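Asker: Pasting a structure here, questions to come.
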Amino acid sequence: MFFIEAKRIAVVILGSLLVAVSLNFFLISANVYASGFAGAAQLVSSVLTDHLNITISTGVLLLLFNIPVFILGWFKVGKGFTIYSIVSVACATFFLEVLPVRSISSDILLNAVFGGVLAGVGIGFSLKLGASTGGMDIVAMILSRMQDKPIGVYFLILNGIIIAFAGILYEPENALYTMVALYVTTSVIDMIHTRHEKVTAMIITKQADDLQQAIHRQMVRGITILPAKGAYSKEDKNMLYVVITRYELYDLERIINETDPQAFTNIVQTVGIFGFFRKEGEKLA
């Protein structure tokens with residue numbers, strides 16, 4: 001359990017570092033805007049500095065913007081997810097303040113592409129392990145759970161306002177390069193975090209009742225329990241058959257390891273499903 005949580009925290013911190021590097025080394029100096037609240041904070045910081053002569057760093061604004069969203073995430077997404085998101089934003093704010101703002105390349109397209117890739121990797125792996133980089137990640141996660149669609153789609157939609165303001169307040173060219181950066185970011189996120197894809201888990205265990213109860217305590221998924229027998233050992237066992245989203249696979253692995261480390265689990269890709277499959281807000285009969 002400790003190793004799993006330590007791994008998640010390490011990935012969250014690394015994701016925060018990648019987002020900060022993306023901003024300070026690529027996007028800010030090129031006036032290309034990142035996705036989510038990081039891009040919103042970047043844009044507001046630029047506007048305050050250029051038009052009102054008020055200097056507030058991107059990191060500080062990022063932290064302020066996330067406070068109301070953390071409250072929403074606490075009730076709609078989950079306490080654990082939100083706590084890790086708070087850690088992520090705190091680390092991102094720290095890295096943004098510590099790392100200098102430098103221009104690695106004078107080519108705005110290279111800055112947009114590499115900045116977008118780094119941000120996408122940082123956000124994607126954080127989401128994959130059940131955390132986020134805060135802000136728009138939480139909003140997009142809620143919408144993705146409600147509609148069961150790729151989370152990157154919602155990033156692209158929600159980021160449209162950043163693109164619009166970048167074009168209005170600065171050069172239209174900045175808006176176009178911001179679109180490139182956001183497209184790259186959302187594509188990388190969907191490659192890493194494929195929550196909408198379904199997988200089937202077949203779990204062979206001697207502790208079917210305990211495992212079933214543990215899964216249902218944390219995941220609202222239908223489970224079919226079938227009798228099974230070891231061909232070599234001749235021991236009577238059970239097979240739990242459950243279809244989940246790929247996003248839930250991390251949680252299922254943790255539950256199995258905690259309840260029955262000796263269980264044998266086979267995960268197969270699910271091409272399609274017919275009939276009822278629970279989405280956010282629905283309950284099993």
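The values are calculated or read from the model by the stated rules, or taken from the named source; none is laboratory data. Since we're looking at a predicted model, the values are computed, not measured. A quick note on method: Cβ atoms are made from the backbone with ideal geometry, for glycine too, and the neighbour counts reach across all protein chains shown. In case anyone asks, the SASA skips ligands and DNA or RNA and just uses the protein heavy atoms, side chains included. Shrake-Rupley method; radii C 1.70, N 1.55, O 1.52, S 1.80 Å.
Asker: Which number in (1) buried (at least 24 other Cβ atoms within 10 Å of the Cβ); (2) of a type in the set (Val, Ile, Thr); (3) modelled with pLDDT of 90 or more marks the one condition that Val121 misses?
Answerer: (1)
Asker: Gly15 - would you say it is farther than 18 Å from Asn111 by Cα and not hydrophobic (A, V, I, L, M, F, W, C)? It would help to see each step written out before you state the result.
Answerer: Working: farther than 18 Å from Asn111 by Cα: yes; not hydrophobic (A, V, I, L, M, F, W, C): yes.
Judged against the criteria, Gly15 is a match.
Quick grid of which residues meet (1) closer than 27 Å to Leu176 by Cα; (2) open to solvent by 40 Å² or more (accessible area, probe 1.4 Å); (3) under 22 Å from the mean Cα position of the chain (by Cα); (4) at pLDDT below 90:
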{"position": "Asn24", "(1), (2), (3), (4)": "yes, no, yes, no"}
{"position": "Ala30", "(1), (2), (3), (4)": "yes, no, no, yes"}
{"position": "Leu62", "(1), (2), (3), (4)": "yes, no, yes, yes"}
{"position": "Phe75", "(1), (2), (3), (4)": "no, yes, yes, yes"}
{"position": "Ile86", "(1), (2), (3), (4)": "no, yes, yes, yes"}
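Asker: Okay, moving on. Looking at segment 46-79 only, could you name the residues that are part of a helix (DSSP H, G or I) and aliphatic (A, V, I, L, M)?
Answerer: Within segment 46-79, the first condition is being part of a helix (DSSP H, G or I), and the residues that meet it are 46-51, 58-76, 79.
Residues satisfying the conditions are Val47, Leu48, Val60, Leu61, Leu62, Leu63, Leu64, Ile67, Val69, Ile71, Leu72.
Asker: Right, next: Could you figure out which of (1) open to solvent by less than 30 Å² (accessible area, probe 1.4 Å); (2) hydrophobic (A, V, I, L, M, F, W, C); (3) part of a helix (DSSP H, G or I) isn't true of Ala34?
Answerer: Single failed check for Ala34: (3).
Asker: Going by the structure shown, is Ala41 assigned to a helix (DSSP H, G or I), under 30 Å from Leu249 (Cα atoms) and either among the small types (Gly, Ala, Ser) or open to solvent by less than 40 Å² (accessible area, probe 1.4 Å) (or both)?
Answerer: Values: assigned to a helix (DSSP H, G or I): yes; under 30 Å from Leu249 (Cα atoms): no; either among the small types (Gly, Ala, Ser) or open to solvent by less than 40 Å² (accessible area, probe 1.4 Å) (or both): yes.
No, not satisfied.
Asker: In addition: Where in segment 166-260 are there strands (runs of 3 or more DSSP E), lying fully within it, with 3 or more residues that are of a type in the set (Val, Ile, Thr) and open to solvent by less than 20 Å² (accessible area, probe 1.4 Å)? If you could, list the steps in order and put the result at the bottom.
Answerer: Values: elements: 198-205, 224-229, 236-245.
Fully inside segment 166-260 and qualifying: 198-205, 236-245.
Asker: Scanning segment 261-277 for residues that are surrounded by 14 or more Cβ atoms within 10 Å (Cβ to Cβ) and modelled with pLDDT under 85, which turns out farthest from Ile142 (Cα to Cα)?
Answerer: If we filter segment 261-277 for residues that are surrounded by 14 or more Cβ atoms within 10 Å (Cβ to Cβ), which is where we start, we get 263-265, 267, 270, 277.
If we keep only those that are modelled with pLDDT under 85 too, we end up with 270, 277.
Working: Thr270: 23, Phe277: 17 Å.
Among them, the one singled out is Thr270.
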